[in-house]
Amino acid sequence: MKSIIVVDDDPTAGKILVRMLRTDYRVQAFTCSRRALAHFMEHGADIIITDLKMPEMDGMELLGRVKEINSETIVFIVTGYASVDGAVRAMKMGAHDYLAKPFNPDDVLVKLTRAIREQRLEKQCSSYRQREDRSAGDSSIITGNEQMLATMAMARKAARTDSNILILGETGVGKELLVKKIHQWSPRRDNLLVPINCSAVAGGIMESELFGHEKGAFTGADKTRIGYFEMADKGTLFLDEIGTTDIRFQVNLLRALQERMIYRVGSPRPIRINVRLVAAANQDLAEEVRAGHFRQDLFYRLSVVTITIPPLRERMDDVGLLADHFLRKYHHINPSVRGVSTEGYGMLQDYGYPGNIRELENIIERAMIIETTDTLRPESLLIPRQERSGRETTSNPGSSAAGPGDIREMEKKHIIEVLAACNGKKIEAARRLGINKTTLWRKMKRYGI
Ligand SMILES: Nc1ncnc2c1ncn2[C@@H]1O[C@H](COP(=O)(O)OP(=O)(O)OP(=O)(O)O)[C@@H](O)[C@H]1O
Ligand SMILES: [Mg+2]
């Protein structure tokens, strides 16, 4: 329950507000502003409702002090006819809104609810913005590969439109990185990019997470909550690992995209949405459609523009560029390292990278930690033996001779080996494989490990 402090030197005004609000809020009334401030300093409060004209410390001063202590506190100013100027001045100083005397219960309750909702939205948005800022510095896509450059040119073109985009690719190929770029290239760049990893959200609560819910919509819904669709308004919504969602959710998502409207769970009121959707999945999404695990109509709707990012083993010409890039990125770990030795490069060129760029990045980072000389040598580039392709084995995953079946077999074997080496500890194994925990879990399920 949110807490409110009411401050008015007229005790009846305080009593009226307490009676109006006490079923929905924890309310404390004070006739003395100093007392109220002391209480606030000790216990805090979500909202302060204060009169302007009071002896000793007036409402304006109280507002200033409260905002100094906690700028997020919502402050309402109580006004009569005489103090409209004062209310305007107070709003300029950071008061949220005013409440007119005599109080109208509906007006008061609506204003408070709205203020709380706006505050929550603002908080959510600023935490997303911070997350985005932190990762923004490191978002250049490094490539010299013809196919990748063509893919990026297409992504850049598509970014300017509002079409849905589907990004396909194996784990670690840079799907999320490309989504960030698409958002930056789009006219929506000044609004939010809201990323959701569908595999990390439990099936049953996908709807309420995405569409929001009204208070009381289900057990545990003690407050109204806006969903990611509303949060991403005028921006981009990124649904990662869309292939892991259940059919019921897929139906609801399709309807939302078709109608460009959503309904919060438990609400009959449609809300118009203005969101560009980017979805990502592993390459086998089309296979999931064929197998009946993913709705075809949704697949068509999502894949207006489809961008497939090739695995690293199909663009080995990028390995050197990327290795140098990560060498610079992790320079701070070991500043004496100047490059990769010739044998080191040879080894890097000779590997299949089931974990793709993320795996290469991990190999370089780890090597920077271990290396004691000024070049990364094979001794520090710990490349899993079994996965090494080319010279000593006949089947080279980089060549077209290896079909997808071979690669899956290799991947399965590799995962089993790494798991065994980590005594079955999945977090450790995922780290060594250069894939995330959910991806590992999904792969183990698929391969029946
Ligand atoms: N072309 C590239 N240039 C530089 N860094 C890259 C490139 N591609 C990927 N990376 C880096 O590799 C790592 C993995 O990329 P990302 O998280 O985008 O992969 P993903 O395809 O989303 O993987 P997953 O399916 O496992 O979620 C990130 O640290 C990313 O910055
Ligand atoms: Mg990803």
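The values are calculated or read from the model by the stated rules, or taken from the named source; none is laboratory data. What you see is a predicted model; the values in this text were computed from it and never measured. Note: ideal-geometry Cβ built from the backbone for every residue, glycine included; neighbour counts use all protein chains shown.
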**OP:** Kindly check whether there is at least one residue in the range 331-343 that is charged (D, E, K, R), in contact with a Leu (Cβ under 9 Å, 6 or more places away or on another chain), at pLDDT below 95 and assigned to a loop (DSSP other than H, G, I, E, B).
**Re:** yes
**OP:** Being touching a helix residue (DSSP H, G or I) at 6+ places or on another chain (Cβ under 8 Å) and away from ligand 2 (no atom under 16 Å from the Cβ) is the filter here, so list the residues in the range 153-176 that pass it.
**Re:** Arg156, Ala158, Ala159, Arg160, Asn164
Original post:
Which members of the range 162-177 meet the condition of being over 12 Å from Thr236 (Cα atoms) and not in a helix (DSSP H, G or I)?
Top reply: Leu166, Ile167, Leu168, Gly169, Glu170, Thr171, Gly172, Val173, Gly174
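Identify all residues within the range 288-312 that are more than 16 Å from ligand 1 (Cβ to nearest atom), surrounded by fewer than 17 Cβ atoms within 10 Å (Cβ to Cβ) and either among the small types (Gly, Ala, Ser) or not in a loop (DSSP other than H, G, I, E, B) (or both); write none if there are none. Outline the logic, then answer.
Of the range 288-312, the ones more than 16 Å from ligand 1 (Cβ to nearest atom) are 289-305.
The next check asks that each one be surrounded by fewer than 17 Cβ atoms within 10 Å (Cβ to Cβ); those that pass are 290-293, 296-297, 300, 304.
Matches in the range 288-312: Arg290, Ala291, Gly292, Gln296, Asp297, Tyr300.
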Original post:
Taking the range 238-264 only, how many residues are away from ligand 1 (no atom under 16 Å from the Cβ) and either within 23 Å of Phe294 (Cα to Cα) or small (Gly, Ala, Ser) (or both)?
Top reply: 18
Original post:
Given the conditions (1) in a helix (DSSP H, G or I); (2) within 36 Å of the chain's Cα centre (by Cα); (3) of a type in the set (Asp, Glu), and given that Glu72 satisfies all but one, which numbered condition is not satisfied?
Top reply: (1)
**OP:** Please work out which residue is nearest to Ala280 (Cα to Cα), limiting yourself to the range 421-446 and to residues that are modelled with pLDDT of 80 or more, surrounded by fewer than 16 Cβ atoms within 10 Å (Cβ to Cβ) and not acidic (Asp, Glu).
**Re:** Trp441
Original post:
Looking at (1) buried (at least 19 other Cβ atoms within 10 Å of the Cβ); (2) closer than 13 Å to Glu209 by Cα; (3) modelled with pLDDT under 95, can you tell me which one Leu237 breaks?
Top reply: (3)
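Only one of Ile369, Ile364 is within 17 Å of Gly320 (Cα to Cα), at pLDDT 50 or above and assigned to a helix (DSSP H, G or I); which? Don't jump to the end; show me each part of the working.
Working: Ile369 fails: within 17 Å of Gly320 (Cα to Cα).
After applying the criteria, what remains is Ile364.
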Subject >> Residue selected from the range 328-348 under the condition of a type in the set (A, V, I, L, M) and surrounded by fewer than 20 Cβ atoms within 10 Å (Cβ to Cβ), by the criterion nearest to ligand 2 (Cβ to nearest atom) >> reply: Ile333
Original post:
Hey, any hits in the range 227-238 for a residue that's more than 30 Å from Lys2 (Cβ to Cβ) and in a strand (DSSP E or B)?
Top reply: yes
**OP:** Give the range 35-50 a look and list any residue that's crowded, with 24+ Cβ neighbours inside 10 Å and not hydrophobic (A, V, I, L, M, F, W, C), or say none.
**Re:** Thr50
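For the range 178-195, which residues satisfy the criterion of being within 16 Å of ligand 1 (Cβ to nearest atom) and surrounded by 19 or more Cβ atoms within 10 Å (Cβ to Cβ)? Step through it out loud before you land on a result.
Going through the range 178-195, the residues within 16 Å of ligand 1 (Cβ to nearest atom) turn out to be 178-185, 193-195.
Selection gives Leu178, Val179, Lys180, Ile182, His183, Leu193, Val194, Pro195.
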**OP:** Those residues that are crowded, with 17+ Cβ neighbours inside 10 Å and either of a type in the set (Val, Ile, Thr) or touching a Phe, Trp or Tyr at 6+ places or on another chain (Cβ under 6 Å) (or both), I need them from the range 244-263; list them, please.
**Re:** Thr244, Thr245, Ile262
Original post:
Within the range 264-274, is even one residue surrounded by 19 or more Cβ atoms within 10 Å (Cβ to Cβ), modelled with pLDDT under 95 and assigned to a helix (DSSP H, G or I)?
Top reply: no
